[in-house]
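For reference, the structure is listed below as structure tokens.
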Amino acid sequence: MEHWWTDFPWRMIQTNLREIDMEDIDADKFAQDIKDFGATAVTVNAAGIVASYDTALPFHTKSEHLNGDSLGKIVDACHRAGLRVIARTDFSKIRYPLYEQHPDWAFKTAKGDIFNCNGDVQVCPSGWYASESVREILRELFKRFDFDGIFFNMSGAFVTGYDGTYYGPCMCDRCRELYKKATGLDAPSGNPRDPAFMRYVGFQTKLIGENRKKQYELIKSIAPEAAVNGFDYRRSECNTDIGHGAWVYGASANARAGGRQQIIDNAGTDFISFRYRHTSVSPALAELRQWQSLANGGGLSYFIMGRLDNHRDTSCFEPVKKVFDFHRRNEDVYKGLVSAAQVLLARGGAMGRNEPEADGWVEVLTKAHIPFDEVKAGVLTAELVKGKKVLILCDVKNLSPAQAKLIDGFAESGGTVIATGGTGIQEKNGESLLRCLGIQTAIEHRRGLMSSVVEVAEEEAKLFPRSIKAPYIALGGDFWVSEFEDDTRRYLRLVPEQPYGPPERCFPTEFSDIPGVTVRPYGEGQGITIPWLIGSFYYSEGWENTQNLMEDILFELSGLPDLAPGLSPMVELTLASKGTALVCQLVNTSGCFANRFFPPLPVRDICIELPKMQAGRVYALNGGQVTADSTGDRLVLTLDELREYEAIVIEA
């Protein structure tokens, strides 16, 4: 079934309206400003902590600043301007006076304290407010206003405050009681890394998910064509914080999240941190985020505090508008594009930046110009691996038997599975759920390693040509030792702990036959094991010999084509298709220097080789001049210059 958001030219402005912004808001001007920016959609504050309208519900605190045009007039004005309007809600907190009337609605720490932030009290995920009151608010909201969709802000399980202080999950009497009833266990306390603690958080996450499904069903019963985030579209956020700067590939990774099964509202945050909400990030970063989102199949989205007309720091406006304008002029090209990536990266934990093993692979795949998709391993499906040649499992420890069967089937039918760290290994008995890896049993997990390396032998040079000149590859702290099936090929012997000081003593005295990389043929495909956290080590340290080994595994062992062997690693390359046409997109990240962002330097004379490809018409969309030549079974593209971004359209 087609919906309004299907193939919608998504250019979103999220206006995080403060209460005072409703004092003098002019609905027509607000809508025209959004339209003039080049957006097709806008998010406006509607309900939750405060109501941006004259609510009739006693448990929904009405804002004291509703002296400008009404929320209804704002929605109507935006619709007249041709904009889609998304209601922003935040049901994570209630105002303190409401808490005083209903103290049992509040979140409680293990010590019994509430979390009160500037007069807003965090709510319990299982309390009456979260389960009942929210649905009544949504009923009122969607019966009174013609919203095109809804965004639920702060919708996950709460464990930290805005300043990063750790509070843990809700430990109120009701949450403990429900957990005991569901599991037979007492609520844990103490170490958040304790599996029992994680089970408790998982239980609360499940409660939140059940509430959200009921909310979704309610909204659809009133407004069937309302797009609900988490169901009809996915909202993500590219942000920074003090002490936690921007990751150069953050917007790209967000756009790929979920295997590109839904439109991603990939909100590029204008401000530098929660603490400094009115100070913008570097303009070059704001622009880069939009190009990255576009190149990786995400929606363009810009997130600001306040309204466009009273937002004093406008330094990022023009760079973002430039990308919006480019997309507006080329909407037809991007409509209906699907990823043409042959690689799928499966993350072991939650989607996001703070997963070093996956993020190290993101960096190397990007720098090697290998197009890829990303997904959380827990939602891996046959549909997501369909058409892929390589599946990378980033230290995925909690595989189910059904997922293991799916992965083995992928390898058996001709795919390559790359598994890192303890992927698939059951800690209780050391057995591997993945037959394609050839692990009979994992006999030891070595931790806290300081000087162990794996060595590339001279006779392995043909398989590891990038690595042979720097043949001692540092491991980091973890290594899994396993026994393998006889048909498993073993490479890169482990050189265990060795002296690293004083210099006179720095030579290895012990060698082993333990492999650092294994390859097992499996059906028509293969399973590759890297029994250490190679991605994590690369992410934290960034050394070229680690990258060389990862590229050898991708190109030599996995057989992936090298699409741009001479291209700077500071250029991202993605491929997408529509019918018989292919679109090659390039994003220039050369303006990134440590955690600083500047306009990128132009990259000239780019050569891209596309195997098994022929072409009719070839052209660039953003000012570059491109030529195409067929050489054997390859199509060779030459682009004269890449500035910030380029898209090359290849028509059959």
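The values are calculated or read from the model by the stated rules, or taken from the named source; none is laboratory data. Source: prediction; values computed, not measured. As a convention, Cβ positions derive from the backbone with ideal geometry for all residues, glycine included, and neighbour counts pool all protein chains shown.
At a glance:
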| quantity | calculated |
| --- | --- |
| Filter result for residue 474 (within 16 Å of residue 556 (Cβ to Cβ) and among the small types (Gly, Ala, Ser)) | no |
| Of the criteria (1) under 23 Å from residue 355 (Cβ atoms); (2) modelled with pLDDT of 95 or more; (3) out of contact with any strand residue (DSSP E or B) (no Cβ under 8 Å at 6 or more places or on another chain), which one residue 409 fails | (1) |
| Search result, residues across the stretch 612-646 that are assigned to a strand (DSSP E or B) and touching a helix residue (DSSP H, G or I) at 6+ places or on another chain (Cβ under 7 Å) | 645 |
| Residue under evaluation residue 512, criteria (1) in contact (Cβ under 8 Å) with a residue 60 or more places away in the chain; (2) in contact with a Lys or Arg (Cβ under 9 Å, 6 or more places away or on another chain), criterion not met | (1) |
| Residue within the stretch 310-328 that is aromatic (Phe, Trp, Tyr) and over 23 Å from residue 583 (Cβ atoms) present | yes |
| Condition broken by residue 432, with the remaining ones in (1) among the small types (Gly, Ala, Ser); (2) out of contact with any Gly (no Cβ under 8 Å at 6 or more places or on another chain); (3) in contact (Cβ under 8 Å) with a residue 40 or more places away in the chain satisfied | (2) |
| Residues within the stretch 91-113 that are surrounded by fewer than 18 Cβ atoms within 10 Å (Cβ to Cβ) and touching a residue at least 60 places away in the same chain (Cβ under 8 Å), tallied | 3 |
| Unique residue being of a type in the set (Gly, Ala, Ser) and surrounded by 13 or more Cβ atoms within 10 Å (Cβ to Cβ) when the list is 616, 624 | 624 |
| Every pair of residues 6+ apart whose Cβ atoms lie under 9 Å, when the first sits in the stretch 236-262 and is without any contact (Cβ under 8 Å) to a residue 40 or more places away in the chain while the second is crowded, with 17+ Cβ neighbours inside 10 Å and of a type in the set (Lys, Arg) | 244/353; 262/234 |
| Subset tally (residues that are within 19 Å of residue 172 (Cα to Cα) and either modelled with pLDDT of 95 or more or part of a helix (DSSP H, G or I) (or both)) for the stretch 125-146 | 6 |
| Single residue of 457, 474 found to be in the same structural domain as residue 548 (by TED's automatic domain parsing), surrounded by 14 or more Cβ atoms within 10 Å (Cβ to Cβ) and more than 23 Å from residue 562 (Cβ to Cβ) | 474 |
| Total residues in the stretch 52-97, condition in a strand (DSSP E or B) and either at pLDDT below 95 or not hydrophobic (A, V, I, L, M, F, W, C) (or both) | 7 |
| Single residue of 419, 377 found to be within 25 Å of residue 254 (Cα to Cα), surrounded by 18 or more Cβ atoms within 10 Å (Cβ to Cβ) and modelled with pLDDT under 95 | 377 |
| Test: residue 214 is without any contact (Cβ under 8 Å) to a residue 24 or more places away in the chain and surrounded by fewer than 19 Cβ atoms within 10 Å (Cβ to Cβ) | no |
| Index of the failed condition, residue 314 passing every other in (1) surrounded by fewer than 23 Cβ atoms within 10 Å (Cβ to Cβ); (2) closer than 30 Å to residue 39 by Cβ; (3) within 22 Å of the chain's Cα centre (by Cα) | (3) |
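Each row is one residue, and each column tells you yes or no for (1) under 29 Å from residue 175 (Cα atoms); (2) not hydrophobic (A, V, I, L, M, F, W, C).
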position: 49; (1), (2): yes, no
position: 52; (1), (2): no, yes
position: 86; (1), (2): no, no
position: 108; (1), (2): yes, yes
